[in-house]
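Below is one structure, written out as structure tokens; the observations come after it.
The values are calculated or read from the model by the stated rules, or taken from the named source; none is laboratory data. Quantities reported herein were computed from a predicted structural model and do not represent experimental measurements. Because the Cβ atoms are built from the backbone with ideal geometry, glycine has one as well, and the counts that use them run over all protein chains shown. Heavy atoms of the whole protein, side chains included, go into the accessibility calculation; ligands, DNA and RNA do not. Shrake-Rupley method; radii C 1.70, N 1.55, O 1.52, S 1.80 Å.
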Amino acid sequence: QVQLVESGGGLVQPGGSLRLSCAASGSIFRINAMGWYRQAPGKQRELVADISSFGSTNYADSVKGRFTISRDNAKNTVYLQMNSLKPEDTAVYYCNADLERNRYSPSRDYWGQGTQVTVSS
């Protein structure tokens, strides 16, 4: 069993900040890329940011300069620091990890349950 548990969502005013965390636990041999996706009502799920096991990062254009993704490999945890939040950032944010459960298994994607982020005055 593998679990990804997110935390840190909530309600924040425009211009405010939030920090999301996602911890992976269970039978894990190796975690490759980790990332954050979001889905707003009536829209498709989209990539927000991802980070490789070596620390290379990739961001959606809409969040560049405002969001920062990081990870702690020792804790199997990925973070998303969100600054200068806008109402259009409102969505359910999902954690994603591409991982291998043992040395014989191919990697596959795992998802967290999602955490709501609402930006509103």
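Considering the stretch 64-80, and only residues there that are touching a Leu at 6+ places or on another chain (Cβ under 8 Å) and touching a residue at least 40 places away in the same chain (Cβ under 8 Å), the residue that is surrounded by the fewest Cβ atoms within 10 Å (Cβ to Cβ) turns out to be 79.
Taking the conditions (1) hydrophobic (A, V, I, L, M, F, W, C); (2) open to solvent by less than 60 Å² (accessible area, probe 1.4 Å); (3) assigned to a strand (DSSP E or B) in turn, residue 28 satisfies each one other than (3). Among the residues of the stretch 38-63, write down those that are open to solvent by 60 Å² or more (accessible area, probe 1.4 Å), closer than 16 Å to residue 109 by Cα and either part of a loop (DSSP other than H, G, I, E, B) or of a type in the set (Phe, Trp, Tyr) (or both). Within the stretch 38-63, just 45 meets the criteria. Check the stretch 94-109 and report whether any residue there is at pLDDT 95 or above and outside any strand (DSSP E or B). No, there is no match, as no residue in the stretch 94-109 is at pLDDT 95 or above and outside any strand (DSSP E or B).
Within the stretch 38-62, residues that are closer than 17 Å to residue 77 by Cβ have Cβ atoms under 7 Å from residues that are open to solvent by 50 Å² or more (accessible area, probe 1.4 Å) and part of a loop (DSSP other than H, G, I, E, B) in no pair, counting only partners at least 6 apart in sequence or on another chain.
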